[in-house]
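Okay, structure first, notes after.
The values are calculated or read from the model by the stated rules, or taken from the named source; none is laboratory data. Because the structure is predicted, anything quoted here is derived from the model rather than measured. Every residue, glycine as well, gets a Cβ built from its backbone with ideal geometry; the counts of neighbours run over all protein chains shown.
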Amino acid sequence: MTIQAIAEQVTANIEQVIIGKREVIELALVALLCEGHILIEDVPGIGKTTLAKAIARSLGCSFQRIQFTPDLLPSDVTGVYFFNQRTQEFEFRPGPIMSQIVLADEINRATPRTQAALLEAMQERQVSIDMETKPLPRPFLVLATQNPIELEGTFPLPEAQVDRFLMKIRLGYPSEEDEHQILLRYERQDPLAELKPVLPSEMLLGLQQEVRCIKVEKSVREYLIHVTRATRDHPAVELGVSPRGTMALYKAAQALAALRGRDYVIPDDVKHLTPHVLTHRIIIHPQTRLRGRTAEQVINEIVDSVPVPVEK
(Lines give C-alpha, C1' and ligand atoms only; values in the text may rest on other atoms or scores of the structure.)
Protein backbone atom coordinates (compact mmCIF):
# COMPACT_ATOMS: atom_id res chain seq x y z
CA MET A 1 0.00 0.00 0.00
CA THR A 2 1.32 3.46 -0.90
CA ILE A 3 2.05 6.22 1.59
CA GLN A 4 -0.80 8.21 0.03
CA ALA A 5 -3.31 5.38 0.60
CA ILE A 6 -2.15 4.83 4.18
CA ALA A 7 -2.29 8.57 4.90
CA GLU A 8 -5.83 8.70 3.51
CA GLN A 9 -6.90 5.99 5.95
CA VAL A 10 -5.34 7.85 8.88
CA THR A 11 -6.86 11.16 7.75
CA ALA A 12 -10.33 9.66 7.41
CA ASN A 13 -10.01 8.16 10.89
CA ILE A 14 -8.97 11.49 12.45
CA GLU A 15 -11.77 13.27 10.57
CA GLN A 16 -14.28 11.27 12.61
CA VAL A 17 -13.25 13.58 15.46
CA ILE A 18 -11.72 16.68 13.82
CA ILE A 19 -14.19 18.03 11.28
CA GLY A 20 -13.34 20.34 8.40
CA LYS A 21 -9.58 20.55 9.07
CA ARG A 22 -8.14 18.27 6.38
CA GLU A 23 -5.22 20.62 5.64
CA VAL A 24 -4.25 20.76 9.31
CA ILE A 25 -4.35 16.95 9.51
CA GLU A 26 -2.21 16.75 6.37
CA LEU A 27 0.36 19.10 7.93
CA ALA A 28 0.38 16.98 11.11
CA LEU A 29 1.06 13.87 9.02
CA VAL A 30 3.88 15.72 7.25
CA ALA A 31 5.44 16.39 10.66
CA LEU A 32 5.06 12.74 11.66
CA LEU A 33 6.63 11.47 8.44
CA CYS A 34 9.73 13.66 8.76
CA GLU A 35 9.99 13.33 12.55
CA GLY A 36 9.25 16.99 13.22
CA HIS A 37 7.32 18.78 15.96
CA ILE A 38 4.37 21.17 15.75
CA LEU A 39 3.62 24.46 17.49
CA ILE A 40 -0.11 25.25 17.45
CA GLU A 41 -0.96 28.87 18.21
CA ASP A 42 -4.69 29.39 18.57
CA VAL A 43 -7.43 30.38 20.98
CA PRO A 44 -8.86 27.87 23.51
CA GLY A 45 -11.62 25.47 22.51
CA ILE A 46 -10.56 25.03 18.88
CA GLY A 47 -9.64 21.34 19.22
CA LYS A 48 -5.88 21.32 19.79
CA THR A 49 -5.97 18.65 22.51
CA THR A 50 -8.50 16.59 20.59
CA LEU A 51 -6.26 16.66 17.50
CA ALA A 52 -3.29 15.35 19.50
CA LYS A 53 -5.35 12.57 21.08
CA ALA A 54 -6.90 11.60 17.74
CA ILE A 55 -3.46 11.29 16.12
CA ALA A 56 -2.18 9.17 19.02
CA ARG A 57 -5.19 6.83 18.92
CA SER A 58 -5.12 6.50 15.14
CA LEU A 59 -1.49 5.34 15.31
CA GLY A 60 -1.79 3.30 18.49
CA CYS A 61 0.84 5.51 20.13
CA SER A 62 1.28 6.27 23.82
CA PHE A 63 0.06 9.76 24.72
CA GLN A 64 0.75 12.16 27.57
CA ARG A 65 -0.44 15.71 28.20
CA ILE A 66 1.70 18.18 30.13
CA GLN A 67 -0.08 21.25 31.45
CA PHE A 68 2.62 23.91 31.60
CA THR A 69 2.40 26.28 34.57
CA PRO A 70 4.89 28.70 36.15
CA ASP A 71 5.62 26.26 39.01
CA LEU A 72 6.30 23.27 36.73
CA LEU A 73 9.83 21.90 37.23
CA PRO A 74 12.10 20.30 34.60
CA SER A 75 11.95 17.02 36.54
CA ASP A 76 8.15 17.12 36.21
CA VAL A 77 8.71 16.82 32.46
CA THR A 78 11.70 14.49 32.12
CA GLY A 79 11.32 12.30 35.20
CA VAL A 80 13.28 11.84 38.42
CA TYR A 81 15.27 9.28 40.39
CA PHE A 82 13.84 8.47 43.81
CA PHE A 83 14.99 6.24 46.66
CA ASN A 84 12.80 3.18 47.08
CA GLN A 85 12.89 2.34 50.77
CA ARG A 86 11.55 -1.15 50.16
CA THR A 87 14.30 -2.16 47.71
CA GLN A 88 16.90 0.22 49.21
CA GLU A 89 17.81 1.34 45.71
CA PHE A 90 17.35 4.41 43.55
CA GLU A 91 14.72 3.94 40.86
CA PHE A 92 13.78 6.05 37.87
CA ARG A 93 10.25 7.38 37.62
CA PRO A 94 9.76 8.44 33.98
CA GLY A 95 8.15 11.79 33.23
CA PRO A 96 5.44 12.41 30.63
CA ILE A 97 8.07 13.20 27.99
CA MET A 98 8.71 9.44 27.81
CA SER A 99 5.72 8.99 25.49
CA GLN A 100 5.44 8.76 21.74
CA ILE A 101 3.08 11.72 21.34
CA VAL A 102 3.32 14.52 23.90
CA LEU A 103 0.96 17.48 24.14
CA ALA A 104 2.77 20.43 25.74
CA ASP A 105 -0.28 22.53 26.59
CA GLU A 106 0.27 26.29 26.99
CA ILE A 107 4.02 25.84 26.74
CA ASN A 108 4.67 29.57 27.12
CA ARG A 109 3.31 29.54 30.69
CA ALA A 110 6.31 27.61 32.01
CA THR A 111 9.57 29.28 33.02
CA PRO A 112 12.48 29.29 30.55
CA ARG A 113 14.25 26.66 32.67
CA THR A 114 11.37 24.22 32.26
CA GLN A 115 10.91 25.08 28.60
CA ALA A 116 14.59 24.23 28.09
CA ALA A 117 13.92 20.70 29.38
CA LEU A 118 12.23 20.05 26.04
CA LEU A 119 15.17 21.20 23.89
CA GLU A 120 17.26 18.03 24.11
CA ALA A 121 14.18 15.83 23.81
CA MET A 122 12.92 17.58 20.66
CA GLN A 123 16.26 17.77 18.87
CA GLU A 124 18.06 14.58 19.92
CA ARG A 125 15.12 12.43 21.06
CA GLN A 126 16.74 11.74 24.39
CA VAL A 127 16.84 13.21 27.89
CA SER A 128 19.76 13.52 30.29
CA ILE A 129 18.97 12.92 33.96
CA ASP A 130 21.63 12.77 36.69
CA MET A 131 24.45 12.26 34.18
CA GLU A 132 22.55 9.44 32.47
CA THR A 133 21.10 9.63 28.97
CA LYS A 134 17.80 7.93 28.25
CA PRO A 135 16.44 7.50 24.71
CA LEU A 136 12.86 8.45 23.97
CA PRO A 137 10.40 6.08 22.30
CA ARG A 138 9.82 6.33 18.57
CA PRO A 139 7.93 7.67 16.79
CA PHE A 140 8.19 10.80 18.90
CA LEU A 141 6.12 13.93 18.31
CA VAL A 142 5.67 17.04 20.44
CA LEU A 143 2.56 19.14 19.82
CA ALA A 144 2.94 22.35 21.78
CA THR A 145 0.15 24.91 22.14
CA GLN A 146 0.07 28.55 23.10
CA ASN A 147 -2.69 31.12 23.34
CA PRO A 148 -1.92 34.19 21.16
CA ILE A 149 -4.39 36.41 23.04
CA GLU A 150 -3.69 35.89 26.73
CA LEU A 151 -0.11 37.09 27.33
CA GLU A 152 -0.22 37.89 31.05
CA GLY A 153 1.95 35.52 33.06
CA THR A 154 3.60 33.97 30.01
CA PHE A 155 7.25 33.50 29.00
CA PRO A 156 7.84 33.87 25.25
CA LEU A 157 9.65 30.91 23.72
CA PRO A 158 13.30 31.68 22.91
CA GLU A 159 14.33 31.60 19.26
CA ALA A 160 16.43 28.46 19.80
CA GLN A 161 13.39 26.55 20.96
CA VAL A 162 10.99 27.91 18.37
CA ASP A 163 13.50 26.78 15.72
CA ARG A 164 13.09 23.19 16.98
CA PHE A 165 9.50 23.09 15.77
CA LEU A 166 9.15 21.88 12.21
CA MET A 167 6.09 24.04 11.65
CA LYS A 168 3.70 26.46 13.29
CA ILE A 169 0.04 26.08 12.44
CA ARG A 170 -3.39 27.42 13.37
CA LEU A 171 -6.62 25.44 13.39
CA GLY A 172 -8.94 28.43 13.10
CA TYR A 173 -12.68 28.56 13.68
CA PRO A 174 -14.84 26.04 11.78
CA SER A 175 -17.20 27.12 9.04
CA GLU A 176 -20.92 27.31 9.78
CA GLU A 177 -21.57 23.98 8.06
CA ASP A 178 -18.69 22.32 9.89
CA GLU A 179 -19.98 23.63 13.21
CA HIS A 180 -23.36 22.04 12.45
CA GLN A 181 -21.56 18.74 11.80
CA ILE A 182 -19.62 19.05 15.05
CA LEU A 183 -22.83 19.44 17.04
CA LEU A 184 -24.42 16.43 15.33
CA ARG A 185 -21.29 14.29 15.67
CA TYR A 186 -20.93 14.98 19.39
CA GLU A 187 -24.66 15.00 20.15
CA ARG A 188 -24.94 11.52 21.65
CA GLN A 189 -21.37 10.43 22.37
CA ASP A 190 -17.75 11.48 22.13
CA PRO A 191 -16.38 9.96 18.89
CA LEU A 192 -12.86 10.15 20.30
CA ALA A 193 -13.72 7.39 22.78
CA GLU A 194 -14.61 5.08 19.87
CA LEU A 195 -11.57 5.87 17.72
CA LYS A 196 -9.53 2.79 16.76
CA PRO A 197 -5.92 2.53 15.52
CA VAL A 198 -5.59 2.22 11.75
CA LEU A 199 -1.79 2.26 11.45
CA PRO A 200 0.65 0.53 13.84
CA SER A 201 3.30 2.91 15.13
CA GLU A 202 5.99 0.42 14.02
CA MET A 203 4.84 0.81 10.42
CA LEU A 204 5.16 4.58 10.72
CA LEU A 205 8.90 4.15 11.32
CA GLY A 206 9.18 2.36 7.98
CA LEU A 207 7.22 5.11 6.24
CA GLN A 208 9.59 7.69 7.69
CA GLN A 209 12.48 5.90 6.01
CA GLU A 210 10.60 5.72 2.69
CA VAL A 211 9.99 9.46 2.75
CA ARG A 212 13.72 10.12 2.86
CA CYS A 213 14.01 8.44 -0.56
CA ILE A 214 11.66 10.94 -2.28
CA LYS A 215 13.63 12.57 -5.09
CA VAL A 216 14.36 16.30 -5.13
CA GLU A 217 15.73 17.51 -8.47
CA LYS A 218 18.55 20.05 -8.52
CA SER A 219 16.32 22.86 -9.83
CA VAL A 220 13.78 22.32 -7.03
CA ARG A 221 16.54 22.09 -4.44
CA GLU A 222 18.02 25.36 -5.70
CA TYR A 223 14.58 26.98 -5.58
CA LEU A 224 14.15 25.88 -1.97
CA ILE A 225 17.56 27.28 -1.03
CA HIS A 226 16.86 30.58 -2.81
CA VAL A 227 13.64 30.97 -0.79
CA THR A 228 15.34 30.40 2.56
CA ARG A 229 18.36 32.56 1.69
CA ALA A 230 16.07 35.39 0.60
CA THR A 231 14.82 35.66 4.19
CA ARG A 232 18.34 36.62 5.29
CA ASP A 233 18.59 39.52 2.82
CA HIS A 234 15.05 40.91 3.02
CA PRO A 235 15.03 44.50 4.38
CA ALA A 236 12.07 43.76 6.68
CA VAL A 237 13.80 40.79 8.34
CA GLU A 238 16.16 41.18 11.27
CA LEU A 239 17.03 37.49 11.60
CA GLY A 240 16.56 35.10 8.69
CA VAL A 241 16.04 31.36 8.44
CA SER A 242 18.86 29.14 9.73
CA PRO A 243 20.25 26.10 7.89
CA ARG A 244 18.11 24.01 10.24
CA GLY A 245 15.10 25.75 8.71
CA THR A 246 16.32 24.96 5.19
CA MET A 247 16.66 21.30 6.13
CA ALA A 248 13.22 21.31 7.75
CA LEU A 249 11.60 22.69 4.58
CA TYR A 250 13.45 20.10 2.48
CA LYS A 251 12.25 17.15 4.60
CA ALA A 252 8.71 18.52 4.84
CA ALA A 253 8.53 18.87 1.05
CA GLN A 254 9.58 15.23 0.67
CA ALA A 255 6.84 14.16 3.09
CA LEU A 256 4.17 16.25 1.37
CA ALA A 257 5.10 14.82 -2.03
CA ALA A 258 4.71 11.29 -0.63
CA LEU A 259 1.32 12.15 0.88
CA ARG A 260 0.18 13.40 -2.52
CA GLY A 261 1.23 10.21 -4.29
CA ARG A 262 4.49 11.31 -5.90
CA ASP A 263 8.04 10.02 -5.56
CA TYR A 264 9.45 13.46 -6.41
CA VAL A 265 9.09 17.00 -5.07
CA ILE A 266 7.69 19.84 -7.17
CA PRO A 267 7.99 23.61 -6.51
CA ASP A 268 4.33 23.76 -5.42
CA ASP A 269 5.19 21.49 -2.47
CA VAL A 270 7.79 24.00 -1.33
CA LYS A 271 5.45 26.97 -1.86
CA HIS A 272 2.61 25.31 0.05
CA LEU A 273 4.78 24.51 3.08
CA THR A 274 6.90 27.67 3.25
CA PRO A 275 4.44 29.77 5.36
CA HIS A 276 4.04 26.94 7.87
CA VAL A 277 7.72 25.98 8.10
CA LEU A 278 9.50 29.35 7.83
CA THR A 279 7.23 32.05 9.32
CA HIS A 280 8.06 31.28 12.94
CA ARG A 281 11.79 31.07 12.14
CA ILE A 282 12.26 34.71 11.16
CA ILE A 283 12.36 37.84 13.30
CA ILE A 284 11.11 40.96 11.57
CA HIS A 285 12.34 44.47 12.36
CA PRO A 286 10.36 46.43 14.98
CA GLN A 287 9.67 49.12 12.37
CA THR A 288 8.08 46.45 10.18
CA ARG A 289 5.75 45.45 13.00
CA LEU A 290 4.87 49.09 13.65
CA ARG A 291 3.78 49.40 10.04
CA GLY A 292 1.33 46.57 10.64
CA ARG A 293 3.14 43.93 8.61
CA THR A 294 3.40 40.39 9.94
CA ALA A 295 6.05 37.72 9.50
CA GLU A 296 3.61 35.68 7.42
CA GLN A 297 3.10 38.59 5.01
CA VAL A 298 6.86 38.99 4.65
CA ILE A 299 7.30 35.27 3.92
CA ASN A 300 4.56 35.41 1.29
CA GLU A 301 6.30 38.39 -0.32
CA ILE A 302 9.55 36.43 -0.43
CA VAL A 303 7.87 33.38 -1.99
CA ASP A 304 6.28 35.60 -4.64
CA SER A 305 9.60 37.27 -5.43
CA VAL A 306 11.68 34.11 -5.97
CA PRO A 307 11.42 32.77 -9.57
CA VAL A 308 9.89 29.32 -9.79
CA PRO A 309 11.85 26.81 -11.88
CA VAL A 310 10.09 25.69 -15.04
CA GLU A 311 10.56 22.49 -16.99
CA LYS A 312 12.67 23.04 -20.10
Fill in: Residues located in the range 1-59, provided they are within 23 Å of Asn108 (Cβ to Cβ), touching a strand residue (DSSP E or B) at 6+ places or on another chain (Cβ under 8 Å) and not hydrophobic (A, V, I, L, M, F, W, C)
Gly36, His37, Glu41, Asp42, Lys48, Thr49, Lys53
Item to complete: Show the residue pairs that are 6+ apart or on different chains and have beta-carbon atoms under 8 Å apart, the first residue being within the range 286-302 and assigned by TED's automatic domain parsing to the domain that holds His272, the second being among the β-branched types (Val, Ile, Thr) and in a loop (DSSP other than H, G, I, E, B).
Response: Ala295/Ile282; Val298/Ile282; Ile299/Ile282
Discussion item. If I filter the range 289-310 down to residues being surrounded by fewer than 11 Cβ atoms within 10 Å (Cβ to Cβ) and in a loop (DSSP other than H, G, I, E, B), which single residue comes out as modelled with the lowest pLDDT?
Written reply: Val310
Fill in: Failed criterion for Thr246 (all others in (1) within 18 Å of Glu35 (Cβ to Cβ); (2) of a type outside the set (Lys, Arg); (3) more than 17 Å from the chain's Cα centre (by Cα) hold)
(3)
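Would you check if Pro235 is more than 16 Å from Ala7 (Cβ to Cβ) and in a loop (DSSP other than H, G, I, E, B)?
yes
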Worksheet entry | Cβ pairs under 7 Å, 6+ apart, first in the range 265-276 and in the same structural domain as Thr231 (by TED's automatic domain parsing) and touching a residue at least 12 places away in the same chain (Cβ under 8 Å), second surrounded by fewer than 20 Cβ atoms within 10 Å (Cβ to Cβ) and of a type in the set (Asp, Glu) | Pro275/Glu296
Worksheet, complete the sentence: Selection from the range 40-77 of residues touching a Ser or Thr at 6+ places or on another chain (Cβ under 8 Å), closer than 19 Å to Phe155 by Cβ and of a type outside the set (D, E, K, R) yields Ile40, Phe68, Pro70, Leu72, Leu73, Pro74, Val77
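Working carefully through the options Glu124, Glu132, find the one that is of a type in the set (D, E, K, R), exposed (fewer than 13 other Cβ atoms within 10 Å of the Cβ) and more than 15 Å from Ala160 (Cβ to Cβ).
Details: Glu124 fails: more than 15 Å from Ala160 (Cβ to Cβ).
That would be Glu132, the only listed residue that is of a type in the set (D, E, K, R), exposed (fewer than 13 other Cβ atoms within 10 Å of the Cβ) and more than 15 Å from Ala160 (Cβ to Cβ).
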